[in-house]
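Just below is one structure, and these are the notes that go with it.
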Amino acid sequence: MLKRSLLTLAISIAATLPAFAHLNPAEHGSLAAGFSHPLFGLDHILAMVAVGLWAAMQGGRALWLVPAAFVGTMALGFAAAIAGMPLPFVEPVILASVIFIGIAIALALPVPTSAIAAMVGFFAFFHGHAHGGELGNAGAWQFAAGFILATAVLHVVGIAIGLLLGRFGGKGLTRIAGAATAFGGLYLAIGG
């Protein structure tokens, strides 16, 4: 039953992705463009869902603190890009975030929630900078509101999956999901 439910959830999510029109942010800096933007980058999807998984694995105040740290710092990274602040290694750090967070989940190391929030915040700055670097100034704040909303939704999806996996398989299934995330990041890093 659990396998069928998870498979149905995965298929449902995958089936809805092509329904979004990927709007070019440089041409259409709108809420819709911002919302759709993270949904078309597998690196962004994996990272955002993994943040939710890690928060769910921690439980307690991590359920809100970890995603909030990511979203808040991502907004700062976006503002820095819009202001013209250069940031080296944006794409490599984004890929590293997928791999790192996946490994952290897979290992289930006992890390304080504040440290997890700081780690995801570091990566979030790069994610936000990437969004801002792709936009320019047209409709920046509407675009930002859209990708912040999409990011929060992906975090909630990750939390829901993590809580579901934890309920039916303890940390074991969540750790497997973390390992799969890390392998997904490695696949993207080697040119997948």
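Check whether at least one residue in segment 123-139 is under 16 Å from residue 57 (Cβ atoms), under 13 Å from the mean Cα position of the chain (by Cα) and of a type in the set (A, V, I, L, M, F, W, C), and report yes or no. Full working, then the answer.
Pass one, segment 123-139, residues under 16 Å from residue 57 (Cβ atoms): none.
There is no residue in segment 123-139 that is under 16 Å from residue 57 (Cβ atoms), under 13 Å from the mean Cα position of the chain (by Cα) and of a type in the set (A, V, I, L, M, F, W, C).
Mind checking which residues of segment 166-192 are free of Cβ contacts under 8 Å to residues at least 40 places away in the same chain and either within 11 Å of residue 53 (Cα to Cα) or of a type in the set (A, V, I, L, M) (or both)?
173, 190
Hey, does segment 17-29 have a residue that's closer than 15 Å to residue 174 by Cα and either at pLDDT below 95 or within 12 Å of the chain's Cα centre (by Cα) (or both)?
Among the residues of segment 17-29, not one is closer than 15 Å to residue 174 by Cα and either at pLDDT below 95 or within 12 Å of the chain's Cα centre (by Cα) (or both), which makes the answer no.
Only one of these conditions is not met by residue 42: (1) closer than 19 Å to residue 187 by Cα; (2) surrounded by 21 or more Cβ atoms within 10 Å (Cβ to Cβ). Which number is it?
Residue 42 satisfies all of (1) closer than 19 Å to residue 187 by Cα; (2) surrounded by 21 or more Cβ atoms within 10 Å (Cβ to Cβ) except (2).
Would you mind stating whether residue 144 is touching a Lys or Arg at 6+ places or on another chain (Cβ under 6 Å) and not β-branched (Val, Ile, Thr)?
No: the conditions fail for residue 144.
How many residues, within segment 72-93, are within 16 Å of residue 145 (Cβ to Cβ) and either acidic (Asp, Glu) or surrounded by fewer than 22 Cβ atoms within 10 Å (Cβ to Cβ) (or both)?
So the answer is 5.
Working only within segment 113-142, note down all residues that are at pLDDT below 90 and among the aromatic types (Phe, Trp, Tyr).
141
Looking at 160, 150, 144, which is the one that is more than 19 Å from residue 106 (Cβ to Cβ) and crowded, with 22+ Cβ neighbours inside 10 Å?
Every option except 144 fails the conditions.
The values are calculated or read from the model by the stated rules, or taken from the named source; none is laboratory data. In this text the structure is predicted, and so the values were computed from the model without any measurement. Please note: Cβ atoms are built from the backbone with ideal geometry, for glycine as well, and neighbour counts cover all protein chains shown.
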